[in-house]
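The structure appears below as structure tokens.
The values are calculated or read from the model by the stated rules, or taken from the named source; none is laboratory data. Keep in mind that this is a model prediction, so the values were computed, not measured. Here the Cβ is made from the backbone with ideal geometry for all residues, glycine too, and neighbour counts use every protein chain on show. All accessible areas refer to the heavy atoms of the entire protein, side chains included, with ligands and DNA or RNA removed. Shrake-Rupley method; radii C 1.70, N 1.55, O 1.52, S 1.80 Å.
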Amino acid sequence: SALMALIQIVNYYEYDNFHQDSDRIVRVITDENRKEGELIKWASSPVLLAKYAKENLAGIENSATVVRDAKWVLSNGIKTKNIHAIYTDASFFQLFNFPLEKGAYPVEPNTMVLTHETAEWFFRDANPIGNFLEHPKYGGFKIVGVLKPFNQQKTQFRTDVIVPFADYLAINAKTTDWSSLNAHTFLKLAKGRTAIDLDKQLSKTSAEINQLIGTTANKTLHFKAQNLANISPAKEILENDPYIQDLRSIYINLGFQLILILLASLNYINLTLARSMNRGREVGVRKAVGATKFQLILQFLTESVLVSYIALGIGLFLLWFIKNQIHVSWLTWDIDHLGYLILLFFVFNLILGLVAGASPSLILSSYQPIKVLKGTVSPASFGKIGF
């Protein structure tokens, strides 16, 4: 359980690390200050902000707007599927690395690109390019491309289809409403520019946008730049931040695993001390022939670390079994830094073995050989708290 949790945590730190120039990509997040004094932190921003930023701010190389819709339904006349859709513009594919398997990226209205899995679900091995999928409300969409397979568990851009942003503008009447925070704005900074530089400009932009909103909205907006690497795991909980795990949830999850490990460690300590009479004779003999306390402590710590690594071997076997036999959608197994993960496992187990073996080694190594050999030593315990 603990090893599985460590895999998921490493995965959270590898979100969206496969994009070129990712160190120059930022997301614009929003602090919404309401008149009654309430502060709401949003991961999203106004729909028009990306275009405004590219046209009016210095040092912006490119921009993209992303609007998510998880309530789509598409049909090819034979199959019908609930769909997660993303509306975005052509520049999205310039900022982020989602290469095509076949076809082209969607540009014209009422076109779309499918993920590899969605294309396979609707059309199996047939070529979907040129076919149409029907939406019950928005009509038919022509398939112009299919994306290469990518790991949906390692990105915030989890989707089944990607549709041109023009379609979103056509079906939504409030696209000029600066107070609606239903889009995600991504900016690519020019070389030499930083998020701090952008923040200074966004402060001025915030004031300008607040004038456009006016006093009728009963709120003011303040925009800030967030580096792509800082999105996951999230240091603070933001509204409208899909598929992102916050640090507090990670700590709680890991805390439960550490409680399980702590119980196992206490059980190991308990069993070791329960055998203290047999081990006490061994300690007495070894001390009588010249063994030092440090040597005895080192022996008992080595034993506990060895037991810990045996347990690691069993745990890795169980992980392999779960990965191959039990399929759970929210678990991910693909880790980019596999060497780092293995090192993390081994260091984790080394610390575990040392912690579990520390108390028994100190107690058992402190036995006096004369008392042990005379049989006057009672079973070890924690003071008045016995077995």
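Just a few scattered comments:
Matching residues to (1) among the hydrophobic types (A, V, I, L, M, F, W, C); (2) in a strand (DSSP E or B); (3) in contact with a Cys (Cβ under 6 Å, 6 or more places away or on another chain); (4) surrounded by 19 or more Cβ atoms within 10 Å (Cβ to Cβ):
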{"site": "Q20", "(1), (2), (3), (4)": "no, no, no, no"}
{"site": "E32", "(1), (2), (3), (4)": "no, yes, no, no"}
{"site": "G37", "(1), (2), (3), (4)": "no, no, no, no"}
{"site": "I40", "(1), (2), (3), (4)": "yes, yes, no, no"}
{"site": "Y52", "(1), (2), (3), (4)": "no, no, no, no"}
{"site": "E55", "(1), (2), (3), (4)": "no, no, no, no"}
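- Scope region 186-199; condition open to solvent by 50 Å² or more (accessible area, probe 1.4 Å) and either of a type in the set (S, T, Y) or in contact with a Ser or Thr (Cβ under 9 Å, 6 or more places away or on another chain) (or both); matching residues: T194
- Note on region 200-229: residues that are surrounded by 14 or more Cβ atoms within 10 Å (Cβ to Cβ) and not small (G, A, S) total 16.
- Those residues of region 119-172 which are small (G, A, S) and without any contact (Cβ under 8 Å) to a residue 40 or more places away in the chain, in sequence order: A119, A126, G130, G139, G140
- Top-ranked residue of region 57-82 - restricted to ones that are more than 22 Å from R193 (Cα to Cα), assigned to a strand (DSSP E or B) and charged (D, E, K, R), ranked as most open to solvent (accessible area, probe 1.4 Å): K71
- L49 passes every criterion in (1) modelled with pLDDT under 95; (2) under 24 Å from N17 (Cβ atoms); (3) out of contact with any helix residue (DSSP H, G or I) (no Cβ under 7 Å at 6 or more places or on another chain) apart from (2).
- All strands (runs of 3 or more DSSP E) inside region 101-185 with 1 or more residues being open to solvent by 20 Å² or more (accessible area, probe 1.4 Å): 132-135, 139-147
- In region 83-100, the residues that are hydrophobic (A, V, I, L, M, F, W, C) and assigned to a helix (DSSP H, G or I): F92, F93, L95
- Positions within region 83-97 being over 12 Å from V161 (Cβ atoms) and either open to solvent by 40 Å² or more (accessible area, probe 1.4 Å) or among the hydrophobic types (A, V, I, L, M, F, W, C) (or both), in sequence order: D89, A90, F92, F93, Q94, L95, F96, N97
- Taken over region 126-177, the residue count meeting the criterion of being among the hydroxyl-bearing types (S, T, Y) and touching a Ser or Thr at 6+ places or on another chain (Cβ under 8 Å) is 2.
- Among the residues of region 294-306, the one identified as open to solvent by 70 Å² or more (accessible area, probe 1.4 Å), aliphatic (A, V, I, L, M) and within 38 Å of the chain's Cα centre (by Cα) is L306.
- Of the candidates G339, G313, the single residue that is under 18 Å from S265 (Cβ atoms), at pLDDT 75 or above and either assigned to a helix (DSSP H, G or I) or open to solvent by less than 90 Å² (accessible area, probe 1.4 Å) (or both) is G313.
- Listed conditions (1) over 21 Å from P360 (Cα atoms); (2) among the hydrophobic types (A, V, I, L, M, F, W, C); (3) within 44 Å of the chain's Cα centre (by Cα) are all met by L271, apart from (1).
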